[in-house]
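Each value in this text was obtained by applying a stated rule to the coordinates, not by laboratory testing. Bear in mind that the values here come from a model prediction, so they are computed numbers and not experimental data. With ideal geometry, Cβ positions are generated from the backbone for all residues, glycine too; neighbour counts draw on all protein chains shown.
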Amino acid sequence: MTVNRGQWSSQVGFVLAAAGSAVGLGNIWRFPYMTGENGGGAFLLVYLLCVICFGLPVMLLEISLGRATQRNPVGAIEKVAPRSSWRALGFLALLTGLCILSYYSVIAGKVLAFGALYARSLVTGGTVTYTGVTPEVLFYFAVFMVLTVLVVVGGVQRGIERWAKILMPLLLVTMIAIIVRGLFLPGAMAGVRWFLTPDFSKITLTVVLNAMAQAFFSLSLGMGAMLTYGSYLSKHQDILRCGVWVVVFDTLVAVLAGFMIFPAVFALGGNPAAGSTLIFEVLPRVFGSMAGGGLVAVVFFFLLCVAALTSTVSLLEVVTAYFVDELSWSRARTVWSVGIAAIVVGIPSALALAGITPWSTVHLFGREGFLDAMDFLWGNLSLAVGSLLLCVFVISRWGLKRAADEIESSSRRFRSLRGVWIFFVRWVCPISIAIILAAKVIGWS
Ligand code: TRP
């Protein structure tokens, strides 16, 4: 066993770090924009089903494989199936992590920029105008990446665990304050109704694919993040309990984000289907309508930055764990190298966000702009493919019995759920994911 891998100091430590990974821009930026573009209540319903049917089972699968092998994604696969072509799945996971990290940090940089702008206007009393010109976007993107690097250099416990402890509950409290303000705006109830009433005619294949991928994205599944975090979990910590907590908490934050955005969209005028800029258009209006809104804005954007940071940390940690475990690189050298690579990969996304043609106008995979295309390729397709292949890998190579034993070894309650879980991982997840992906590729609706 490697000596210096580190472990969470407690079960709470793991739950906080895993929840920190899960809760982030995926809940507060991506979930509302996906819901807005994919039919409101109908999307919410399909999303919740996907969380239960795919999210929770795959979550337990990833954590159990990580804890059993005590490795990063490539190492875990190598340990179960030495020198097999399954290794490629591990590398796909690392590549996906790097690519998500790249554009995710661009959006996180924008959140940071908004926080800084509101803070400045609090001090100077001036108005808030986000220009979003190229140097500004690139600057905040780079700053955010450096912050991520600095946390990951600090190592698993010191770097990651500490962050989530106080600030996540604070984020929830701030969101609730913003929700309450939004709900009291005239016309807000139309938004609540739109968010909660499913219009079944809106459920198309694209909606289902987006909801499924959103579940994987939001829960940090499909690229070995939970696997890697699970590898720092000790043998007597309860995987089932931890997994359920993370899923419930993450879903709660996403639903709250919906309540934060949609009533305001309907009350203050705006288009729910505005796309990836949705929260950046709506929230400033809410803050503008709020007594002391400037201060709430600073607090909110700061906390959202921290939530995004605990997510980017997990993305960077996965790639880092590979180089440190398998190639014996030093931690600091790896983290800085991967961070710089992610900046390079992220530059086109940053240019797209800054509105520079052709980056902001290219049409790829049915999305407009390079950033949205990256999000579709890595945040949607690759995570779904990764989750599917992970199921197949465990079924065919490691064995679901071993996976279930790993979970059961520390969770008595899992005994009664074991059969259901195996059924989902063996049949429901792989077959449904494969059908949804295949239908999308064939171009069926
Ligand atoms: N789940 C995070 C969010 O919702 C993003 C994230 C972190 C992620 N690590 C991941 C997404 C791994 C997919 C895979 O903001």
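Some notes on this structure:
- Size-normalised alpha-carbon gyration radius of segment 259-411, reference 2.2 N^0.38 Å: 1.40
- Least to most buried among Cys53, Cys429 (fewest other Cβ within 10 Å first): Cys53, Cys429
- Along the chain, the exposed loop sites are trypsin sites (Lys or Arg not before Pro) outside DSSP states H, G, I, E and B with at most 13 other Cβ atoms within 10 Å, and the longest stretch free of them is 236-411.
- Candidates Gly115, Gly379, Gly269, ranked by Gaussian network fluctuation over the chain, Cα under 10 Å, top entry: Gly269
- The chain - Kirkwood radius from inverse mean 1/r over Cα pairs (Å): 21.8
- Choice from Ser382, Ser121, Ser84 showing the highest fluctuation, given a GNM over the chain with Cα pairs closer than 10 Å: Ser84
- Relative contact order [Cα under 8 Å, 6+ residues apart], segment 11-444, whole percent: 34
- Charge sum, other residues only, whose C-beta stays under 10 Å from Pro263's C-beta, Lys/Arg counted +1 and Asp/Glu -1: +2
- GNM result for the chain, Cα springs below 10 Å: residue of Met290, Met212, Met34 fluctuating most strongly: Met290
- Ranking of Tyr104, Tyr33 by count of other Cβ atoms within 10 Å, fewest first: Tyr33, Tyr104
- Normalising the average separation of contacting C-alpha pairs (under 8 angstrom, six or more residues apart) by the number of residues puts the relative contact order of segment 329-445 at 16 percent.
- Membrane-span-like helices in the chain (whole DSSP H runs, Cα extent of at least 18 Å along the helix axis, mean Kyte-Doolittle hydropathy of at least -0.5): 56-69, 87-124, 134-153, 162-183, 205-218, 239-268, 293-327, 331-353, 429-442.
- Scattering curve values for segment 111-236, log₁₀ I(q)/I(0), Debye with Cα scatterers, q = 0.09, 0.19, 0.21, 0.22 Å⁻¹: -0.50, -1.31, -1.28, -1.28
- Inter-centroid distance (Cα atoms) of segment 236-272 relative to segment 367-445, Å: 21
- When the charge dipole of the chain is built from unit charges on Cβ atoms (+1 for Lys and Arg, -1 for Asp and Glu) and taken about the Cα centre, the candidate among Ser411, Gly258, Leu383 whose Cα reaches farthest toward its positive end is Ser411.
- Dipole magnitude of the chain, debye to nearest 20 (Cβ charges: Lys/Arg +1, Asp/Glu -1, about Cα centre): 960
- Taking only the Cα atoms of segment 353-445, the radius of gyration and Dmax are 18.7, 57 Å.
- Order of Asp372, Asp405 under a 10 Å beta carbon neighbour criterion, fewest first: Asp405, Asp372
- Here the translational diffusion coefficient of segment 208-271 follows from Stokes-Einstein with Rh set to the Kirkwood radius across Cα pairs; for 20 °C and 1.002 mPa s it amounts to 153 µm²/s.
- Dividing the Cα radius of gyration of segment 179-311 by its Kirkwood radius returns 1.03 for Rg/Rh.
- Taking only the Cα atoms of segment 30-163, the ratio Rg/Rh comes out at 1.07, with Rh defined as the Kirkwood radius.
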